[in-house]
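Report on one structure; see the data block that follows.
Nothing in this text is a laboratory measurement; each read-out follows from the coordinates by a stated rule. Remember, it's a predicted structure, so these values are computed and weren't measured experimentally. Note that we place each Cβ from the backbone using ideal geometry, even for glycine, and neighbour counts take in every protein chain shown.
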């Protein structure tokens, strides 16, 4: 898995989100491609990674140090700033969301990982993302919060 070079402080990630390029509002009904482009522009210069997976899903990775305090499940302000930007597009789109949360580097219980993923879910729902759009919670594959977004299949 790819390693991220992290520079700066949690305040820098928030400042980067707030003072980066002017955050254009999401299109009325954004596509996954337009949403990925909007987020990449908004988060440029921060340690947050926005990319496309081989299966076409958009992946947003936020390093653990900006997401949660050790042993805690509460969303930290830098992660909240990123989730606010993600929620803006998710409120308008027909996307499914999968959330992966990390364990602490020295290990943590499965309950803490689930608590962290649930905290991300609850944060997004509190910002207007429909709960039905969040299709799974689980453990991330590294030391970062992972939000995977895909086009919602016709049902």
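Semi-axes, largest first, in whole Å: what does sqrt of 5 times each Cα gyration tensor eigenvalue give for the range 99-152?
21, 12, 8
Our summary gives the range 26-150 a relative contact order of 32 percent, counting only alpha carbon pairs under 8 angstrom and 6 or more residues apart.
Please give the peptides 37-46, 88-97 ranked by average Cβ packing (other Cβ atoms within 10 Å per residue), highest first, as a rough proxy for protection.
Values: 37-46: 18.3, 88-97: 20.0.
Going by the mean number of other Cβ atoms within 10 Å, highest first, we get 88-97, 37-46.
With N counted as the residues of the range 68-143, its alpha-carbon radius of gyration over 2.2 N^0.38 Å works out to 1.07. Taken along the Cα-to-beta-carbon direction at a fixed 7 Å, the label points for residue 91 and residue 114 span 3.1 nm.
Would you kindly state how much longer the chain becomes between residue 33 and residue 139 on full extension, computed as 0.36 nm times their sequence separation minus their alpha carbon distance, in nm to one decimal?
Between residue 33 and residue 139, full extension yields 35.6 nm more.
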